[in-house]
Amino acid sequence: MATRLLQSKLLLHNILRRHLTSASSSSTLTAVPPLNITQKAEPTTTAIETETAKPNNSIIDINDHQKLFGLLSTSKLLRAAFNLHLAAIESIVDLGTWVMNSKMMEIELPRDVVLGTVKHTFYEHFCAGESAAEVRRCVGKVNEAGLRAMLVYAVEHTNDKTECQQNLHGFLQTVQSVKSLPPSSVSFVIVKISAICPMSLLERVSDLLRWQQKDPSLHLPWKLNTFPIFSDCSPLYHTQKKPDPLTPEEETELQLGHQRLLKLCQECVHANVPLAVDAEDTLIQPAIDYMTYSSAILYNKDDRPIVYNTMQAYLKDAKERLFLATKDAEKMKVPMGFKLVRGAYMSSETKFASSLGCESPIHNTIQDTHACYNDCASLMLEKIANGSGAVVLATHNVESGQLAAAKAKELGIDKGNQKLEFAQLYGMSEALSYGIRNAGFQVSKYMPYGPVEMIIPYLLRRAEENRGFLSASNLDRLLIRKELNRRLKAVIF
């Protein structure tokens, strides 16, 4: 009996040692490129080790890896460490991105092999599942860990009218599924407007809205009541010349797109779950803001926001647009909710602006983005303290999380206040999520689901965010490694 126990301990020791050794030594094998605006300037492993060694006076404690990951099984931690380690190797990310965008994906056998590999690695790490049963199980596990779910039917970018209607059906099913889950286990349902309204039409509407900002005399007969979409510093370079008016067919299609959104809002009211509209490229964001705000004016009643818009803090005009929108909402007595993010379309935004010979709409430095995010968070927290507004602070930045928690405490905002939610992507920033949870705040995980091939665009963005050893997942990899090491020592000794 003793011999078998010793053999089991030695086997676990060898497995963990091989993983920990490869995870810790790989940073010496991978070249770290110079920092630039296309990369997130997160601390290196050495910097984080120094930071976590300091006394922690913050409301959020991210130093105690045993307390952070105590509810997670060793097998889950090993899988997480493996997947985050893969995503940090730039050559693997580059190869995967090339394969996903190659003609190889048009051939059945290679496509099946690639999708099968993706499903059992990055997909299982970053996504909630393909079927309703898988999603329910995943949400249940997240709830057991003291977190909530933001359910995301991960479809986006269509130009097909029939697909728009099919996608609406998928979003409505997501809302219906909330009713079968434990109360409060789902904090939000997420929608991308580009999935329920054709992309080409969103571009046309955005062009017209931008031109009206340039020339206020332009009459848009289809335009509904809304909050300010632009500020004086908003970039308008996307629209180079005066666009033609919408055709009768386009106006009808816009009305149908808006009706789809309103139907989704109505179902969210019945299911008692808020709807958060995701931000997308600035090419179509004016139309998204317009549809979101006009829907919020109709459905956000009695100091309870049902519709939330998303503000991307990496945009130079984000703070001013947030200020103008909240000011108008208060004037109209509409309780408006916002989800604050940094942004996920950095490369495409910069390339598009450059192709037109224009300055990028994104802050010049990552520090400017951090400052903008923190200012926007502070503004929304003050709104909550004064009885107006609601916010989801979606951040993977530890300092932003700590500052927001301290600000909420300073303002006397109750940790259980339903108008304040912290959030991180499922599979990312686990240490921050559990640290905020342990501090008593409400925390959600953004959980996309659907067929693997449908979620490829989302997975490619996550791979880009996690690439390299200066990535957003660096802290998680370090702390998971420490926790696995602690468990290994406990088994041996």
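Answer yes or no as to whether GLN255 is surrounded by fewer than 13 Cβ atoms within 10 Å (Cβ to Cβ) and outside any loop (DSSP other than H, G, I, E, B). Let's see the steps before the verdict.
On the way: surrounded by fewer than 13 Cβ atoms within 10 Å (Cβ to Cβ): yes; outside any loop (DSSP other than H, G, I, E, B): yes.
When the stated conditions are applied, GLN255 passes them.
Of (1) among the aromatic types (Phe, Trp, Tyr); (2) at pLDDT below 90; (3) within 29 Å of CYS265 (Cα to Cα), TRP98 satisfies all except one. Which?
(3)
Please go through region 120-145 and pick out each residue that is out of contact with any Ser or Thr (no Cβ under 7 Å at 6 or more places or on another chain), over 16 Å from LYS76 (Cα atoms) and modelled with pLDDT under 90.
Within region 120-145, SER131, ALA133 qualify.
Report yes if ILE436 is surrounded by 23 or more Cβ atoms within 10 Å (Cβ to Cβ), β-branched (Val, Ile, Thr), closer than 14 Å to ALA154 by Cβ and touching a strand residue (DSSP E or B) at 6+ places or on another chain (Cβ under 8 Å), otherwise no.
Working: surrounded by 23 or more Cβ atoms within 10 Å (Cβ to Cβ): yes; β-branched (Val, Ile, Thr): yes; closer than 14 Å to ALA154 by Cβ: no; touching a strand residue (DSSP E or B) at 6+ places or on another chain (Cβ under 8 Å): yes.
No; evaluated as a whole, the condition is false for this residue.
Of the conditions (1) farther than 30 Å from GLN266 by Cβ; (2) within 21 Å of the chain's Cα centre (by Cα); (3) not β-branched (Val, Ile, Thr), ARG136 fails just one. Which one is it?
(1)
Select, from SER75, SER91, the only residue that is part of a helix (DSSP H, G or I) and either closer than 21 Å to GLU430 by Cβ or open to solvent by less than 30 Å² (accessible area, probe 1.4 Å) (or both). Give the steps one after another, and end with the answer.
Values: SER91 fails: either closer than 21 Å to GLU430 by Cβ or open to solvent by less than 30 Å² (accessible area, probe 1.4 Å) (or both).
The conditions single out SER75.
Identify the single condition in (1) more than 23 Å from ASP64 (Cα to Cα); (2) not in a loop (DSSP other than H, G, I, E, B) that SER400 does not satisfy, given that it satisfies every other one.
All conditions pass for SER400, except number (1).
Counting just the residues of region 139-154 that are open to solvent by less than 30 Å² (accessible area, probe 1.4 Å) and more than 19 Å from the chain's Cα centre (by Cα), which one comes out nearest to PRO451 (Cα to Cα)? Break it down stepwise before answering.
Keep residues of region 139-154 that are open to solvent by less than 30 Å² (accessible area, probe 1.4 Å), which gives 139-140, 142, 145, 147, 149-152, 154.
Keeping just the survivors that are more than 19 Å from the chain's Cα centre (by Cα) gives 140, 145.
Numbers: GLY140: 20, ALA145: 25 Å.
Out of the qualifying residues, it is GLY140.
Can you tell me which condition VAL334 does not meet? The list is (1) closer than 20 Å to TYR446 by Cα; (2) more than 20 Å from the chain's Cα centre (by Cα), and all the others hold.
The single condition VAL334 does not satisfy is (1).
What is the residue count in region 155-202 for residues that are at pLDDT 95 or above, open to solvent by 70 Å² or more (accessible area, probe 1.4 Å) and touching a Ser or Thr at 6+ places or on another chain (Cβ under 6 Å)?
Looking only at that region, the number is 0.
Within region 195-205, is even one residue among the polar types (S, T, N, Q), over 29 Å from GLN173 (Cβ atoms) and touching a residue at least 24 places away in the same chain (Cβ under 8 Å)?
Within region 195-205, the subset among the polar types (S, T, N, Q) is 200.
Still in the list and also over 29 Å from GLN173 (Cβ atoms): none.
No.
Looking at (1) closer than 30 Å to CYS358 by Cα; (2) β-branched (Val, Ile, Thr); (3) touching a strand residue (DSSP E or B) at 6+ places or on another chain (Cβ under 8 Å), find the lone condition where VAL273 falls short.
The one condition VAL273 does not meet is (1).
For GLY427, state whether it is modelled with pLDDT under 95, at positive phi and either out of contact with any Cys (no Cβ under 7 Å at 6 or more places or on another chain) or in a helix (DSSP H, G or I) (or both). Outline the logic, then answer.
Numbers: modelled with pLDDT under 95: yes; at positive phi: yes; either out of contact with any Cys (no Cβ under 7 Å at 6 or more places or on another chain) or in a helix (DSSP H, G or I) (or both): yes.
Here the answer is yes, as GLY427 does meet what is asked.
Show me the helices (runs of 4 or more DSSP H) entirely contained within region 306-387 in which 2 or more residues are open to solvent by 30 Å² or more (accessible area, probe 1.4 Å) and of a type in the set (Asp, Glu). First the steps, then the outcome.
Working: elements: 318-331, 346-355, 366-385.
So the answer is 318-331, 366-385.
Among the residues in region 234-244, are any surrounded by fewer than 16 Cβ atoms within 10 Å (Cβ to Cβ), without any contact (Cβ under 8 Å) to a residue 12 or more places away in the chain, part of a helix (DSSP H, G or I) and over 25 Å from the mean Cα position of the chain (by Cα)? Lay out the reasoning, then the answer.
Initial filter on region 234-244 (surrounded by fewer than 16 Cβ atoms within 10 Å (Cβ to Cβ)): 236-237, 240-242, 244.
Cutting the leftovers down to without any contact (Cβ under 8 Å) to a residue 12 or more places away in the chain gives us 241, 244.
With part of a helix (DSSP H, G or I) added as a condition, the list becomes none.
No, because not a single residue in region 234-244 is surrounded by fewer than 16 Cβ atoms within 10 Å (Cβ to Cβ), without any contact (Cβ under 8 Å) to a residue 12 or more places away in the chain, part of a helix (DSSP H, G or I) and over 25 Å from the mean Cα position of the chain (by Cα).
Evaluate the following for GLY146: is it closer than 30 Å to LEU475 by Cα and in contact with a helix residue (DSSP H, G or I) (Cβ under 8 Å, 6 or more places away or on another chain)?
On the way: closer than 30 Å to LEU475 by Cα: yes; in contact with a helix residue (DSSP H, G or I) (Cβ under 8 Å, 6 or more places away or on another chain): yes.
Yes: the conditions hold for GLY146.
The values are calculated or read from the model by the stated rules, or taken from the named source; none is laboratory data. None of the values given here were measured: they were computed from a predicted structure. In this analysis, Cβ positions are derived from the backbone assuming ideal geometry, glycine residues included, and neighbour counts consider all displayed protein chains. Each accessible area value is taken on the protein alone, full model and side chains, heavy atoms only, with ligands, DNA and RNA left out. Shrake-Rupley method; radii C 1.70, N 1.55, O 1.52, S 1.80 Å.
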